[in-house]
Amino acid sequence: MTDNELQHLLKAEPEKGQRAFYDKYFNYVYTIVFAKLKSAASMEDVDECVGDVFAQCFIFFDKQEVIQGNLKAFTASVARRKAVDTYRRVVRHSSNIPIDDAGELDSGENIERSAEESELRKLLYDKVEELGEPDSTIIIQKYFFGRSSKEIAEIVQISSDNVRARCSRAVKRLKDVLLAAGFTR
């Protein structure tokens, strides 16, 4: 089923459309969420996050006439954001240290560096999100997922030449925004 057919089904018959959307994207969403949460969260947290992703998508579908762009990219964006929120919530309320971070506790210097890097990553992510669409998606897809301009063009549904031009301008804007926010590295 194509994205257009799925969007039409979501509007015409919401229950069938939601079921078709769930069936089509469940494994994709689960993979994204599990990859982010595997080191810090329980399987119940992973399952809850996956459910939250679909709930947020369904609420969005009810409010919107048509999803602009690729449904897969939209779904991935929602999944990543929900997984990050869940990760932060779980780590904040847990006395457990995620396995991936356990090696950083060798000395006080490593803990400070790790905390600083975490804050810098959050600042960077927030500033990328401030660029707006499709620039934030282009930056994330290119620099975080290593996708080519052609692959990104399919996701955001613009030409690959436009992707390259927008990416270049977005990087310049991001640099200015980060410098204004005090990011000096």
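Out of F60, F74, report the one residue that is out of contact with any strand residue (DSSP E or B) (no Cβ under 7 Å at 6 or more places or on another chain), part of a helix (DSSP H, G or I), surrounded by fewer than 19 Cβ atoms within 10 Å (Cβ to Cβ) and of a type in the set (A, V, I, L, M, F, W, C). Show your work before the answer.
Values: F74 fails: surrounded by fewer than 19 Cβ atoms within 10 Å (Cβ to Cβ).
Just a single option satisfies the conditions, and that option is F60.
Among the listed residues Q68, Q56, Q18, which satisfies the condition of being outside the structural domain of A153 (by TED's automatic domain parsing), among the polar types (S, T, N, Q) and farther than 28 Å from R147 by Cα? Talk me through it step by step, then tell me what you get.
Values: Q68 fails: farther than 28 Å from R147 by Cα; Q56 fails: farther than 28 Å from R147 by Cα.
When all the criteria are applied, what remains is Q18.
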In region 145-185, how many residues are closer than 24 Å to K36 by Cβ and β-branched (V, I, T)?
-> 3
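Would you check which residues across region 31-53 are outside any helix (DSSP H, G or I) and either hydroxyl-bearing (S, T, Y) or not assigned by TED's automatic domain parsing to the domain that holds E13 (or both) and list them?
Let us first name the residues in region 31-53 that are outside any helix (DSSP H, G or I), namely 38-42.
Answer for region 31-53, where residues must be outside any helix (DSSP H, G or I) and either hydroxyl-bearing (S, T, Y) or not assigned by TED's automatic domain parsing to the domain that holds E13 (or both): S39, S42.
The values are calculated or read from the model by the stated rules, or taken from the named source; none is laboratory data. In this text, all values refer to a predicted model and were calculated from it rather than measured experimentally. Cβ atoms come from the backbone with ideal geometry, glycine included; neighbour counts cover every protein chain shown.
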